[in-house]
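The values are calculated or read from the model by the stated rules, or taken from the named source; none is laboratory data. The structure displayed is predicted, hence computed values, not measured ones. Note: ideal-geometry Cβ built from the backbone for every residue, glycine included; neighbour counts use all protein chains shown. Each accessible area value is taken on the protein alone, full model and side chains, heavy atoms only, with ligands, DNA and RNA left out. Shrake-Rupley method; radii C 1.70, N 1.55, O 1.52, S 1.80 Å.
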Amino acid sequence: MKVLITRSIPKHYVEQLESVAEVEVYPETIKPMPREALLESSKDKSIVISMLSDTIDKEFIDNNPDLKAVINLAVGYDNIDIDYARSKDITVCNTPDVLTETTAELAFTLMFVTARRIIEANELVKEGNWVGWSPYLLAGLDVYKKTVGIFGMGNIGTALAKRCIGLNMHVQYHNRSESEAAKALGANYVSFNELLETSDFIICTAPLTNETKNIFNKDAFKKMKSSVIFINIGRGGHVVENDLLEAIQNEEIYAAGIDVLNNEPVGKEHPFLSEKRITVLPHIGSATVDTRNAMIELCIKNAELIIEGKKPVSEVKNN
Ligand code: GLV
Ligand code: GLV
């Protein structure tokens, strides 16, 4: 079988797969495969190991009658037209579980970074503007004892809730359905409105679906406390960026920590970057060496099983 990997990955992983398949690897480590190249290279492949920056849509799928499986190097798969892939009997896999704790840690980090104004503080010193100790210099907000509202109580939300409970935070959440794991931790299920109105930190860890697209919009930001910190580690599509920008500029919310944007990557001209109270990260939720290795290993394992005619270990089941 022929396999395309749409980004450079460590050589030993490629060699592992080469013992059972013919493998083409796009040589870039940072830049996504241009669309034309992606369509051209994937044409004769049975399996594509894709990145979340690759759009696997009807055009891509129709372009390749031999396609049997798409294995996404991410837990999220909103870049894939999953219904269309299924209608063509294409197996879709993702990388759940192996990135749960690491991604929860980034959300946790962003709570402190935004509440304690860490980026601003570091910039002040680097810019030579530290002129002396002062009672309210970069005074921020406490995290412990506060109420955190987690939007999306899947594996990552649950791992985050555990950490928050360790800080004596009050944990509440909103999700499509109530979570037994969250209940066992002592987290309260609340309506979306209650989450917006009563949380001190609102953290979006949800996957992007039609129901959650643009859910954090002007109305939502207006309902939040003016002292709230909004954090998004899910997908940029959950947020109407201009509404978030206005909420920050009008001081309707206190700060935001954003790991995911609508159109990634963004350049210096993105309006969020001129706001001191918005911390922007370049989609690094699962970016530790160990976790990225584990994600790649899981993709390779899935590919090997599919090549052997067996069931992959992490097929996307529901949508
Ligand atoms: C990253 O955003 C992922 O979905 O794994
Ligand atoms: C990801 O694993 C999630 O369910 O949040």
> Just for segment 110-140: of the residues that are in contact with a helix residue (DSSP H, G or I) (Cβ under 9 Å, 6 or more places away or on another chain) and under 23 Å from residue 159 (Cα atoms), which one is most open to solvent (accessible area, probe 1.4 Å)?
Replying inline: 112
>> Go through (1) in contact with a helix residue (DSSP H, G or I) (Cβ under 9 Å, 6 or more places away or on another chain); (2) surrounded by fewer than 17 Cβ atoms within 10 Å (Cβ to Cβ) for residue 251 and report which single condition fails.
In response: (1)
>> If I go through segment 243-278 residue by residue, how many of them are in contact (Cβ under 8 Å) with a residue 40 or more places away in the chain and within 15 Å of the chain's Cα centre (by Cα)?
In response: 3
> Is there any pair linking a residue in segment 204-221 that is farther than 22 Å from residue 155 by Cβ to one that is of a type in the set (A, V, I, L, M) and not in a loop (DSSP other than H, G, I, E, B), with Cβ under 7 Å and at least six apart or on different chains, and which?
Replying inline: 220/196; 221/244; 221/247
> Can you tell me how many residues in segment 168-201 are charged (D, E, K, R), assigned to a loop (DSSP other than H, G, I, E, B) and over 21 Å from residue 111 (Cβ atoms)?
Replying inline: 2
>> Tell me yes or no: at least one residue of segment 83-104 is more than 14 Å from ligand 1 (Cβ to nearest atom), open to solvent by 80 Å² or more (accessible area, probe 1.4 Å) and on the phi > 0 side of the Ramachandran plot.
In response: yes
>> Just to confirm my filter: which helices (runs of 4 or more DSSP H) fall fully inside segment 202-319 and include at least 1 residues that are within 16 Å of ligand 1 (Cβ to nearest atom)?
In response: 289-307
>> I'd like to check something: does segment 144-157 contain any residue that is farther than 27 Å from residue 283 by Cα and either away from ligand 2 (no atom under 16 Å from the Cβ) or assigned to a strand (DSSP E or B) (or both)?
In response: yes
>> Just to be sure I understand the filter: pairs with C-beta atoms under 6 Å, separated by 6 or more residues or on different chains, first member in segment 129-155 and touching a residue at least 60 places away in the same chain (Cβ under 8 Å) and farther than 19 Å from residue 226 by Cα, second member open to solvent by 80 Å² or more (accessible area, probe 1.4 Å) and charged (D, E, K, R). Which pairs pass?
In response: none
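So that you can scan it fast, the table gives a plain yes or no per residue for (1) surrounded by 21 or more Cβ atoms within 10 Å (Cβ to Cβ); (2) among the hydrophobic types (A, V, I, L, M, F, W, C):
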{"site": "242", "(1), (2)": "no, no"}
{"site": "255", "(1), (2)": "yes, yes"}
{"site": "264", "(1), (2)": "no, no"}
{"site": "282", "(1), (2)": "no, no"}
{"site": "307", "(1), (2)": "no, yes"}
{"site": "311", "(1), (2)": "no, no"}
